[in-house]
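Scroll down for the structure; my scribbles are underneath it.
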Amino acid sequence: MTRFGIGQAVTRREDQRLLTGTGRYVDDQAFPRRVYVAFVRSPHAHARIVSVDASAAKSAPGVLAVYSGADLLADGIGCFPIGAGLKNAAGEPMDAPPFFPLATDAARFVGQAVAAVVAETRLQAEDAVEHVAVDYEELPVVASIDAAQAKDAPQLWSKAPGNVAAQTEFGDKAACDAAFAKAHHVTKLAFYNQRLVPVSMEPRGTVAEFDAASGRLTVHTSCQNPAGLQGTLADAIFKIPKDKVRVKVGDVGGGFGMKTLLYAEDAVCAYAARKLGRPVQWRASRSEEFLTSSHGRDQTNAAELAFDANGKILGFRIEIVGNVGAYASTPGAIIHVAIGPKVITGVYHIPTLHLKSKALLTNTNVVSAYRGAGRPEAIYLIERLMDQAAVEMKIDPAELRRRNLIQPTQMPYTTPMGEKFDSGNFPHMLDRILQAADWAGFEKRRAESKARGKLRGRALSTFLEWTGVVHEETIDLHVDADGKIRIFTAMQAMGQGIETSYVQIVADTLGIDPGHIEIVQGDSDVAQGLGSMGSRSLYIGGSAMLTASKQTIDKGRELAADALEASGGDIEYRDGKFVVAGTDVAIGLFDLAGKQPERRIVIKTLQKVDGPSWPNSCHVCEVEVDAETGVTKIVKYTTVDDVGRVINPLIVAGQVHGGIAQAVGQALMEDARYDPDSGQLLTGSLLDYCVPRADDLPSIATFTDESTPCKVNPLGAKGVGELGTVGGTPTVINALLDAVRPLGVKHIEMPATSERVWRALKEAKAA
């Protein structure tokens, strides 16, 4: 038990099946009489649908049916809900075009599904798509933030004046203006946080079945929250009782927030299954993933920090403009205008701020959650400003941060955004990273790089992030007489190792062999809850595991008192047994379950926590730049991470590494681009869109700090899944700028590709 308990570096138990090819993904499952669906997708970014002629496709080999948006409307199929309670520019509730599973009046982005063909084989369906004739009337296209804000911009939706779907304003403008008026120094920056395409190893896929006898749909899909998809399908799309829909999820080959949504393709599979009475399957091609899986980021930022003569921050002004794409059916708007701003002040004491944020509609694919969901954009902004201010005021970047850190004595601390930090020791974290990264020895390493003809730069980021979407979760724990503990949860594994962490918590608390524990997930019939997103799986789900295990002992003690004819106060529990104190009279946990009427002990736990958690971290990155080619290489990367109580150090390190890899992708490589005139996606495949590989990264040194556990949940954990991504981008870019700044380069937009770096160096030399 010591080997498998909390805090042990246990190899993930799910790896055996995932690495040996015995995992069960959507495409691995067999369904008798299965048929396949393929989609007719709009070649236009904005066009009215005049007509859909499916006659030729219906007579193609193997075709069973062709559906259009009009067909779904006639059958009462609804649209995706607009969930966020936000206001638009006119002060009215956020509104946007209705988003139906198949386009009805118009297509509003390239790749939007306009019709669906169902055939006996996947190839037959894909071939028949070419025979569907759609008559389009092209409409004006708005394909970027700048285009949406232009004075003469076409208005994409009458209830979104100025193409603003939502906007917010935070802080005290008068107080902020007063702070800037007395500032000794003001640092200003403006830049673009580019659009990204989540690239999960497993593309999206769905198989839907319909049982005519019960009138029940079963949807097998790759997603992060089975119960959430069940609710949207039942309530919004089919308008049927929730118990008429079941969502089942097997193994998930990566989610990153992109798989939190119900998609049009999922809904069409379910619709076709109900119409045809046969299982209907769809799996995305990689091109379809680029076109239609939700994108991330796409935000412009302009901000300024006011400082006094001692380098202490006085005030912070921010303007954020985000692109949500063609529809507001995703959390994209709230990510831009509310979630990202939660962490905009970082770990610094900022007395006052004024923040204005807008979320715009454009003729592009929808923007939604992507690892970090608003927090990477916010931390990129404040950390870029802090480094720039350090340069301008000629203060060491570590020292400038130290002067402005929130102190442990200020905890609990309320930010100007109204967010409350329960715990954190940011000066201690700074001390640890400076030692771990050998901050003092950098100049020697810079000289060694220079001797080899390389420019070396370094950067430090001190930051936090917000975790814990919805502060409660329910699990069921069953102790069965067959010697198994089965725990039913709506949380969802998607490669993050959560099954192993849960088993460690339960095994440690109950003192039993982990082989007795099964985690049952991925089925809306057995558990209801929000699922896995926002780094909540351990912070809330793990807390539920701990609480349920303790409740099992408490209930078992009562039952054992009856079984052993002893007082409950005399019953002790250890190593899976209830013992009468001072005797050898005992009963095992599973034997006790066998004595119950249902041969099991059942615990239902509603875990509530008192608010979000605030994991925090310090990163140091060092890069080498080849001035002749612009090639940037990360040569040293160190992190110290406060994620609260660490359940499994290996899993924490893996999550931090993976998060940094995605941050490096944004910093140096990834860039989803649309043609500004036509709205065509120019980066529609991995030939056009670069993602990081293992050899793009150094060996990352990660350290954890458990000295300040979370105070708002019983486990003490703070979440880790998105932490590396939140802090990685500014650390890499600031290190790059530190390397090239001596040659006159002041700014480089992400992604800082070798060409961009080379051009910046040439332009600086010519200036």
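The values are calculated or read from the model by the stated rules, or taken from the named source; none is laboratory data. Predicted model, so just to flag it, every value in this text is computed and none were measured. Please note: Cβ atoms are built from the backbone with ideal geometry, for glycine as well, and neighbour counts cover all protein chains shown. Heads up: the accessible areas ignore ligands, DNA and RNA and are worked out on the full protein's heavy atoms, side chains in. Shrake-Rupley method; radii C 1.70, N 1.55, O 1.52, S 1.80 Å.
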If we scan region 456-471, do we find a residue that is of a type in the set (Asp, Glu) and either crowded, with 17+ Cβ neighbours inside 10 Å or in contact with a strand residue (DSSP E or B) (Cβ under 7 Å, 6 or more places away or on another chain) (or both)? yes
Among residues belonging to region 550-572 that are crowded, with 23+ Cβ neighbours inside 10 Å and of a type in the set (Gly, Ala, Ser), point out the one that is farthest from Val646 (Cα to Cα). Ala560
Can you tell me which residues in region 529-552 are in contact with a strand residue (DSSP E or B) (Cβ under 8 Å, 6 or more places away or on another chain), more than 22 Å from Gly253 (Cα to Cα) and of a type in the set (A, V, I, L, M, F, W, C)? Ile540, Ala544, Met545, Ala548
Considering each residue of region 342-381, count those that are surrounded by fewer than 24 Cβ atoms within 10 Å (Cβ to Cβ) and assigned to a helix (DSSP H, G or I), and give that number. 1
Just need a number here: residues in region 1-48 that are more than 25 Å from the chain's Cα centre (by Cα), at pLDDT 95 or above and either open to solvent by less than 20 Å² (accessible area, probe 1.4 Å) or basic (Lys, Arg) (or both). 12
Counting just the residues of region 159-174 that are part of a helix (DSSP H, G or I) and open to solvent by 40 Å² or more (accessible area, probe 1.4 Å), which one comes out nearest to Gly83 (Cα to Cα)? Pro161
Thr547: assigned to a helix (DSSP H, G or I), touching a residue at least 24 places away in the same chain (Cβ under 8 Å), farther than 19 Å from Asp15 by Cβ and not basic (Lys, Arg), yes or no? yes
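Residues are listed down the side, and each one gets a yes or a no for (1) surrounded by fewer than 19 Cβ atoms within 10 Å (Cβ to Cβ); (2) closer than 30 Å to Phe426 by Cβ:
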site: Ala663; (1), (2): no, yes
site: Tyr674; (1), (2): no, no
site: Pro698; (1), (2): yes, yes
site: Ile733; (1), (2): no, yes
site: Met750; (1), (2): no, yes
Among the residues of region 384-395, are any in a loop (DSSP other than H, G, I, E, B), open to solvent by 10 Å² or more (accessible area, probe 1.4 Å) and among the acidic types (Asp, Glu)? no
How many residues are touching a Ser or Thr at 6+ places or on another chain (Cβ under 8 Å), of a type in the set (A, V, I, L, M, F, W, C) and buried (at least 24 other Cβ atoms within 10 Å of the Cβ) if we restrict to region 319-341? 5
Identify the single condition in (1) closer than 24 Å to Gly659 by Cβ; (2) at pLDDT 95 or above; (3) in contact with a helix residue (DSSP H, G or I) (Cβ under 9 Å, 6 or more places away or on another chain); (4) not β-branched (Val, Ile, Thr) that Leu261 does not satisfy, given that it satisfies every other one. (2)
Subset of region 23-46 [in contact with a helix residue (DSSP H, G or I) (Cβ under 9 Å, 6 or more places away or on another chain) and aliphatic (A, V, I, L, M)]: Val35, Val37, Ala38, Val40
Can you name the residue in region 179-204 that is in a helix (DSSP H, G or I) and in contact (Cβ under 8 Å) with a residue 40 or more places away in the chain and is also surrounded by the fewest Cβ atoms within 10 Å (Cβ to Cβ) among such residues? Phe180
Residue under question is Ser501, and the condition is that it be over 22 Å from Val245 (Cα atoms), crowded, with 23+ Cβ neighbours inside 10 Å and in contact with a Pro (Cβ under 8 Å, 6 or more places away or on another chain); does it hold? no
Tally time: how many residues in region 59-99 are free of Cβ contacts under 8 Å to residues at least 40 places away in the same chain, open to solvent by less than 50 Å² (accessible area, probe 1.4 Å) and closer than 20 Å to Trp282 by Cα? 0
Restricting attention to region 396-408, and to residues there that are in a helix (DSSP H, G or I) and open to solvent by less than 50 Å² (accessible area, probe 1.4 Å), which single residue is nearest to Gly457 (Cα to Cα)? Pro397
Kindly establish whether Ala653 is surrounded by fewer than 24 Cβ atoms within 10 Å (Cβ to Cβ), of a type in the set (Gly, Ala, Ser) and within 20 Å of Val757 (Cα to Cα). no
Within region 131-158, restricting attention to residues that are outside any loop (DSSP other than H, G, I, E, B) and of a type in the set (A, V, I, L, M), which residue is farthest from Glu92 (Cα to Cα)? Ala133
Set Ala369, Ala378, Ala359: member being modelled with pLDDT of 95 or more and closer than 30 Å to Gly744 by Cβ: Ala378
I'd like the full set of residues that are assigned to a loop (DSSP other than H, G, I, E, B), out of contact with any Lys or Arg (no Cβ under 6 Å at 6 or more places or on another chain) and not aromatic (Phe, Trp, Tyr), limited to region 682-697. Gly684, Ser685, Leu686, Leu687, Asp688, Cys690, Val691, Pro692, Arg693, Leu697
Scanning region 104-129 for residues that are more than 21 Å from Glu209 (Cα to Cα) and either in contact with a Ser or Thr (Cβ under 7 Å, 6 or more places away or on another chain) or without any contact (Cβ under 8 Å) to a residue 12 or more places away in the chain (or both) gives Ala107, Phe109, Val110, Gly111, Gln112, Val114
Quick test of your reading of the structure: Phe488 fulfils all but one of (1) touching a helix residue (DSSP H, G or I) at 6+ places or on another chain (Cβ under 7 Å); (2) open to solvent by 10 Å² or more (accessible area, probe 1.4 Å); (3) hydrophobic (A, V, I, L, M, F, W, C); (4) in a strand (DSSP E or B). Name the failing condition by number. (1)
Looking at Gly719, Gly724, Gly728, Gly679, which one is open to solvent by less than 20 Å² (accessible area, probe 1.4 Å) and at pLDDT below 95? Gly719
Inside region 205-238, can you point out the residues that are surrounded by fewer than 22 Cβ atoms within 10 Å (Cβ to Cβ) and assigned to a loop (DSSP other than H, G, I, E, B)? Ala212, Ala213, Ser214, Gly215
Considering only residues of region 409-451 that are among the polar types (S, T, N, Q) and part of a helix (DSSP H, G or I), which is farthest from Pro615 (Cα to Cα)? Ser449
Say whether the condition of being open to solvent by 10 Å² or more (accessible area, probe 1.4 Å), out of contact with any Leu (no Cβ under 6 Å at 6 or more places or on another chain), at pLDDT below 95 and not basic (Lys, Arg) is met by at least one residue in region 278-300. no
Positions within region 510-537 being outside any loop (DSSP other than H, G, I, E, B), over 22 Å from Ala234 (Cβ atoms) and either of a type in the set (Asp, Glu) or open to solvent by less than 30 Å² (accessible area, probe 1.4 Å) (or both), in sequence order: Leu510, Pro514, Ile517, Glu518, Ile519, Ser537
